[in-house]
1. Could you tell me which numbered condition S49 fails, if it satisfies all but one of (1) open to solvent by 30 Å² or more (accessible area, probe 1.4 Å); (2) modelled with pLDDT of 95 or more?
2. I need every pair where a residue in the stretch 21-44 that is part of a strand (DSSP E or B) has its Cβ under 7 Å from the Cβ of a residue that is open to solvent by 100 Å² or more (accessible area, probe 1.4 Å) and of a type outside the set (A, V, I, L, M, F, W, C), sequence separation at least 6 or different chains.
3. Which pairs do you get when a residue that is over 22 Å from D32 (Cβ atoms) and free of Cβ contacts under 8 Å to residues at least 40 places away in the same chain, found in the stretch 86-103, comes within reach of a residue that is open to solvent by less than 60 Å² (accessible area, probe 1.4 Å) and not in a strand (DSSP E or B), reach meaning Cβ atoms under 6 angstrom, with the pair 6+ apart or on two chains?
4. Here is a list: T92, T115, T103. Which entry is of a type in the set (V, I, T) and touching a helix residue (DSSP H, G or I) at 6+ places or on another chain (Cβ under 6 Å)?
5. Looking at the stretch 70-121 only, could you name the residues that are in a helix (DSSP H, G or I), open to solvent by 90 Å² or more (accessible area, probe 1.4 Å) and over 21 Å from N31 (Cα atoms)?
Amino acid sequence: WVVVGYLDDSTLGIFGSGNGGVEEMVEYLANDEVQYCLFRIQIEPDGSSVLSLPKNRDIFMFWSGPNVDMTERGKKRIHEECVQKILCPFDTAIAAYNRDLITLSNVLKVSDENTANKVIE
């Protein structure tokens, strides 16, 4: 996983990286910042086939902490597409606004291809 954030209004930098999973990554999210994350989760087989193997799902996440002003959030949201081009490839993009709800279980739900609402809030 990697967490990218703003060093100033127009410069991005890496705020953290690791391989400890969603729970570890969440520790690097700031309540007063807009940040972008790229991380991988493993999808366990559903048991429908003896030959089923775990699959990886790479996820891009737009994070806006609860203390970010709505105007600031909107300004930074327009940078999302540019950041996605840098952090690609990924399988799906989600957004999150409540760090307490960013769990592996919730990420699995909102990142599923059959889920229309790709937001954790």
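1. Just one mismatch for S49, condition (2).
2. I43/K55
3. T92/S111
4. Sole residue among the options that is of a type in the set (V, I, T) and touching a helix residue (DSSP H, G or I) at 6+ places or on another chain (Cβ under 6 Å): T92.
5. Across the stretch 70-121, the qualifying residues are E81, K85, I86, K109.
The values are calculated or read from the model by the stated rules, or taken from the named source; none is laboratory data. Quick caveat: nothing in here was measured; it's all calculated off a predicted structure. Using ideal geometry, Cβ is built from the backbone for each residue, glycine included, and neighbour counts are taken over all protein chains shown. Just so you know, the surface numbers come from the protein's heavy atoms only, side chains and all, with ligands and any DNA or RNA stripped out. Shrake-Rupley method; radii C 1.70, N 1.55, O 1.52, S 1.80 Å.
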